[in-house]
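For reference, the structure is listed below as C-alpha cells.
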Amino acid sequence: MAGGKETPRQKMIGMMYLVLTALLALQVSSSVLDKFVFINQAFETTNAENGAENTKKVESIQKAVGDAGNREADVAVLDKAKEVRENTKKILAELETYKGELIERTGGKDENGVFLGMKDYDTSSAMFVNEGKGDELKEKLNSYSAYLRETTKDESIKNIAKDASEIKEFKDDPNQQRKGFAELNFGHNTPMAGALASLSQLQSDVITEETKALAILGKAVGAEDLKFDQIVPMVRPESRIVAAGSEYVADMFIAASSSGIKPEMTWNGNEMEVVDGMGKVRFTAKASNYDKEGLSVQSFIGAIKVKLPGGRDTVFTDTIQYIVSKPVIQIQSASVQALYLNCGNELTVNVPALGTAYNPAFSAKGGQAIKGANRGDVTIVPKSAKVSLSVSSGGNLIGTETFQVKRIPKPEITVYSGGKEVDLKRGTKGAPRSLKIQAVPDESFAQFLPKDAKFRVAQSEITLVRSGRAVVNIKPKGPDVNLSQIAGQARAGDAIVIEVKKVQRRNFKGEIEDFPNFGPRILTVRIN
C-alpha cells in the first residue's frame, strides 16, 4: 500500500497479495492465479466501499461547514475536498480503463464472467512495458499524488507509483533494484490475473491517499472541536491463524475518534507517530522464557493522552498481552546430519516465521562460517568434532544448531595403464611403458562435496623386483609415471612394487594440503 490509514480488511488483502506474488515468483501451481482473481475481487469490493465512505466524508465536511455558519475559510476547505473527490474519481476511472483494455486484449470473459485470459503471461508486459502504458500510468498516479500534497500542504503524502529503488524491500535487492515501476508491476512473466490485481491495488492506494487528504482537510474545519466524527467497525480476533475445523472467535465493536483532537500515544513510555488518530506500535519481538510449546507470553503498556475541551489532559492506559512464537530454523543441505572436517559444507538456513524481515548473520563455534551471496546461504568449515552454528537476524539471536563432524573418507589408490585399471590379481602382459596412479575419492563424499573431493598422488617410489631383489628404483612426482627405465629391464615373473609416499587434496578454496589418510600404500603389479 502507498500509505495513509488502512482498514483491517485492506491490510489483510494487501498481505494476501504480497504472499501470492511471492508464491508466483516461485512458480507454484496455477491455483495461485485463481487466488489473484479472488484478491482482485476483494480489492474491487473494498475500493467501492471505501470510495463511498470518502463521498460521505465530503458530505460530513459540508455539514460541518454549514453547522459552523459557512465561514469563508471553511467553505474554501469544502471546495478543496469536493475537488479532491472529483479528481480521485477521474484517476480511478482511468485505472478502470486500463483494466478493461487488459481484459479485452486477453480474450474478455465467458458467459459466466470468468476471465478467458487469466493465464496470459505476455499481454500485461507488452501493454505496460513495451507500449509504454506503464510509464504513462506512473506519470498520472504521481501527478495525482503531487496534487494532493499541494492541496493539503502535507508532504507525508507519498508518490503512489514507485520504482524498485524507492521501495525499502527492493532497493537493496540486486535482482529487483534496477526495475522501474512498469517492469516491477507488469514485467516479464506477469500473468493477466496478477496485473489486474496490481491495477486494483493501485486503485486502493489512490483511495487510501484520498482518505488521508480528506482527513487533513476535515481537520481544518473545527479543528479544536471534540467531536467523534470518525467511526470505524473493528474486529479483534483471538487469533488471525485458524486451523481448518476449529472455531474462529473475535470481538466486533465500533471504534470512534475525533479528527479535531491530536492525541499523544506511547508504548512502554516510547513515543510513536500518530496519523489520522491512530498510532502504530512497532518493535522487535523478543523472549527468552519459552514454554514446551515454544511460546512466551509478553506484554506492553499502551497510553493515549488527549486534551479535552477546557484544556484538561486525560490519559487512557491499557496493558496489552501478546505471544511470541520461537522461530524455527530450517536447514537445507545435501547432508545435514553431519558435516565433513576441513571442508566447505554448503547450507541454506531459512526462518519462515520472519518472512521478508529475515536478514541473517552467522557465527560458528568449532569452525568457520562464511556467508553466501544469497540470503540464508552459508558455508561451514568445521575444525573440531562438533560445530555449533548460531543464526541471528536484525541483531537478535534466533537460535543455534549443532552438527556432528565426520572425517574425510580415505581415497583409494588405483593404478591405470593405457587408460584402463590394472588388475592387480592377474598382473600385466609384459611391462607397461607408463602408469597413472590415482587417489579416487569415496563415492558418497564426492557426491556431497565435489569441490572438496579432489585428490592427487604427489610422490611415490616404484621398484622393479626380481626374485626378492630390487633391480631398478625410481621416485616419480605426480600421478603420471614414465616406466621406460624399468620396462627396458623387466622380464616375465618380475614385479613392479609401487609405494605411495604422499597424497594431496585441493579444497573448495583451491588450497592444497597433504592428506595422510589413504590406502593401500603399497601395490604390486606382476609382469607375466
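Where a number appears in this text, it was derived from the coordinates with a stated rule and is not lab data. Computed from a prediction, not measured in an experiment: that's the story for all the values here. Cβ coordinates were reconstructed from backbone atoms using ideal geometry, including for glycine residues, and neighbour counts include every protein chain displayed.
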**Report entry** Charge dipole of the chain about the Cα centre (unit charges at C-beta), most positive-ward option of SER124, VAL75, THR317
**Finding:** SER124
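Work out the FRET efficiency for LYS501 and SER333 from their Cβ-Cβ distance, taking R0 = 35 Å, and round it to the nearest 0.05.
Working: r = 36 Å, r/R0 = 1.02.
The calculated FRET efficiency here is 0.50.
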Query - Normalised alpha carbon radius of gyration of the range 412-526 [divisor 2.2 N^0.38 Å] - result: 1.13
Query - Centre separation in Å (Cα based) which lies between the range 435-457 and the range 94-138 - result: 56 Å
Query - Rounded tilt (10° steps) of 31-67 against the dominant C-alpha axis of the chain - result: 30 degrees
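Tally the DSSP beta bridges in the chain and give the antiparallel ones as a percent, rounded to 5.
Numbers: 91 of 96 bridges.
Here the share of antiparallel DSSP bridges comes out near 95 percent.
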Query raised in the report: Residue separation times 0.36 nm, minus the C-alpha to C-alpha distance between GLN41 and SER299: what's the value?
Result: 89.2 nm
Report task. Would you compute the Debye intensity of the range 330-406 from its alpha-carbon atoms alone, equal scatterers and no solvent, and pass along log10 I(q)/I(0) at q = 0.13, 0.20, 0.23, 0.26 Å⁻¹ to two decimals? Result -> -0.34, -0.79, -1.03, -1.28
Query raised in the report: How long is the gain from ILE474 to THR314 if the chain were fully straight, where each residue apart is worth 0.36 nm and the alpha carbon distance is subtracted?
Result: 47.8 nm
Query raised in the report: Alpha carbon centre of the range 315-393 versus the range 471-528: separation in Å?
Result: 45 Å
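Find the Rg to Rh ratio for the chain, where Rh is the Kirkwood radius over alpha-carbon pairs and Rg uses the same atoms.
Working: Rg = 35.9 Å, Rh = 29.8 Å.
My calculation of the ratio gives 1.20.
Remind me, relative contact order of the chain in percent, using alpha carbon pairs under 8 angstrom and six or more residues apart?
Numbers: 907 pairs, mean separation 46.8, N = 528.
Relative contact order for the chain comes out at 9 percent.
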Report summary line: TYR416 and VAL249 label points (each 7 Å along its Cα→Cβ direction) are spaced in nm at 7.1 nm
Query raised in the report: With charges set only on the Cβ (+1 for Lys and Arg, -1 for Asp and Glu), what does the dipole of the chain come to about its Cα centre, in debye to the nearest 20?
Result: 4000 debye
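If we count every other residue with Cβ under 14 angstrom of GLY194's Cβ, Lys/Arg +1 and Asp/Glu -1, where does the sum land?
Details: positive: LYS35, LYS99, LYS119; negative: ASP34, ASP120, ASP122, GLU183.
Neighbour charge sum, excluding GLY194 itself: -1.
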